[in-house]
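I have placed the structure first, in the form of structure tokens, so that the comments after it can refer back to it.
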Amino acid sequence: MKKLIILLAILWWGLSSIANSVKADEYNKAVVANVITNTIQGNNVDISKLMEQELQKLAHQFTIESLVILQKYLPTILEGVAAELRMKADKELKCELLKDSEIKDDC
């Protein structure tokens, strides 16, 4: 019983910290309240399954946030890649043009 209380406290702390970052107070309160209610009523709560579902939910939220960030910065990323490809093509052209000359400028 002591381990269960400690686990619930850790779960509550973890869900509370998540709630602050994703603004999902009501969902987390409902989950913790359900776990506590079922524990008091004597029903077994599969904590490992609950944690697995919470991790899946967090992974989904992280994926969505990552895609939003990627979408926001994708034009800048593509501009950087295009600039790098242009520099590489310019260097290859310069080396090709200087191939038979005595000038050896980074080629």
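Rule-based calculations on the coordinates, nothing more; no lab input. Keep in mind the model is a prediction, meaning the values are calculated, not measured. Note that we place each Cβ from the backbone using ideal geometry, even for glycine, and neighbour counts take in every protein chain shown.
Summary of values
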read-out: Simple spin-label estimate for GLU54 and ALA89 in nanometres, 7 Å along Cα-Cβ; value: 5.2
read-out: Cα convex hull volume per residue for the range 58-107 (Å³); value: 77
read-out: Partner aspartates and glutamates for LYS88 [C-alpha distance under 18 Å; skip if fewer than 8 residues away on the same chain]; value: GLU79, GLU96, ASP105, ASP106
read-out: Gyration tensor (Cα) of the range 17-107, equivalent ellipsoid semi-axes in angstrom; value: 60, 14, 8
